[in-house]
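Here's the structure, in structure tokens; my notes come after.
The values are calculated or read from the model by the stated rules, or taken from the named source; none is laboratory data. Keep in mind that what you see is a predicted model, and the values were worked out from it rather than measured. Cβ atoms come from the backbone with ideal geometry, glycine included; neighbour counts cover every protein chain shown. Quick note on the areas: whole protein, heavy atoms, side chains included, nothing else; ligands and nucleic acids left out. Shrake-Rupley method; radii C 1.70, N 1.55, O 1.52, S 1.80 Å.
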Amino acid sequence: MKIATYNVNGVNGRLPVLLRWLNEAQPDVVCLQELKAPQEKFPEQAIKDAGYHAIWAGQKSWNGVAILSRSEDLQEIRRGLPGDDEDLQSRYLEASIGGILVCCLYLPNGNPAPGPKFDYKLAWFERFRLHAARLLETGLPIVMAGDYNVMPTDLDVYKPERWVDDALFRPETRAAFKAVTDQGWTDAIRKLYPDEKIYTFWDYFRNAYGRDAGLRIDHFLLSPQLAPRLTEAAVDRHVRGWEKTSDHAPVWIKIT
């Protein structure tokens, strides 16, 4: 099974790019983030014509997540992260596909930090940590994929010294990510490429992509039941060079 995650940065505006990549990469499952579309504006028919079933949680102008699957065996399990009934931002979906629990997430950016947005990011991270712990207790094969908006280590950012005060790289953010992985989750990219410079995001400004001034913020965390089945992982970084593309590149893993 080939599972991908892709922050599309606007599913309708980037639809030609998304469809081109789906046709080229042929993933079995895709977690999408930052749909930037209300529920009724999701391009369901175009996705269906591309060969995918879909569930999605839209939100006008911002956020939004979706899970696509080639298989009809796509069953929604959860919509929204538990722990705060007043949080209406569309950032989390869970689905069962082929015996695997697929969790799609779009973690808050948190800038400017410190401030209310950073407080929300850390509170969301804590809710996520608690939910991840409960998921582990099920003993299921689980993948938690998406845009985590965190660079876990210095290796994941092109110039660490320039990011020390950014919400994506502050010590509190990295500690929150580590608190999740310390539960027993495996960072799929780092399991296969522990020492390589790998980026998944390049800003639109200052020719970041051309200079390879990137960040690794899109991650797959695998449960102990799924981690041994990991065989491949890669970033389709060339997609970032396409016309009218997202500032993220698709990332994918293969499991047996």
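Here are some notes:
- Taken per residue, the accessible surface of the chain reaches 43 Å², heavy atoms only and a 1.4 Å probe.
- Summed side-chain charge close to Glu76 - residues other than Glu76 whose Cβ falls under 15 Å, Lys, Arg +1, Asp, Glu -1: -2
- Within the accessible area of the chain (1.4 Å probe), percent carbon and sulfur: 50 percent
- Here the Gaussian network model covers the chain, with springs between Cα atoms less than 10 Å apart; of Arg129, Arg237, Arg20, Arg20 fluctuates the most.
- For the stretch 83-93, putting each phi into the Karplus relation 6.51 cos²θ - 1.76 cosθ + 1.60 with θ = phi - 60° gives couplings of x, 7, 5, 8, 7, 9, 6, 7, 9, 8, 9 Hz, in residue order, rounded to whole numbers and with x for Gly and Pro.
- The amide H of Val8, built 1.01 Å from its N in the peptide plane, has Gln33 as neighbours under 5 Å, considering only residues 5 or more places off or on other chains.
- Checking every one of the chymotrypsin sites (Phe, Trp or Tyr not before Pro) in the stretch 186-250 against DSSP loop status and a limit of 11 other Cβ atoms within 10 Å picks out Tyr204, Phe205.
- Computed lengthening from Leu155 to Ala46, 0.36 nm per intervening residue step minus Cα-Cα distance: 35.5 nm
- Taking a straight Cα-Cα cut-off under 18 Å and skipping sequence neighbours fewer than 8 places away in the same chain, the lysines within cross-link reach of Lys159 are Lys197.
- Gyration tensor (alpha-carbon) shape descriptor, the chain, a/c threshold 1.5: rounded
- Lysines whose Cα lies under 25 Å from that of Lys60, excluding same-chain neighbours fewer than 8 positions away: Lys36, Lys41, Lys48, Lys117, Lys121, Lys244
- 3J(HN,Hα) along the stretch 18-29, derived from phi through the Karplus expression 6.51 cos²θ - 1.76 cosθ + 1.60 where θ = phi - 60°, amounts to 4, 5, 4, 5, 4, 5, 6, 8, 6, x, 7, 9 Hz, with x in place of Gly and Pro.
- Taking GluC sites (Glu not before Pro) in DSSP loop conformation with at most 16 other Cβ atoms inside 10 Å as exposed sites, the chain has its longest uninterrupted site-free stretch at 87-195.
- Karplus (6.51, -1.76, 1.60) ³J(HN,Hα), θ = phi - 60°, over the stretch 125-134, in Hz, Gly and Pro reported as x: 4, 5, 4, 5, 4, 5, 5, 4, 5, 5
- Each of Gly64, Ala132, Gln225 was scored by the projection of its Cα onto the charge dipole of the chain, and the greatest displacement toward the positive side belongs to Gly64; charges sit on the C-beta of Lys, Arg, Asp and Glu.
- Among Ile100, Ile142, Ile55: highest mean-square fluctuation, GNM of the chain, C-alpha pairs under 10 Å: Ile100
- Measuring between their Cα centroids, the stretch 52-78 and the stretch 132-183 lie 23 Å from each other.
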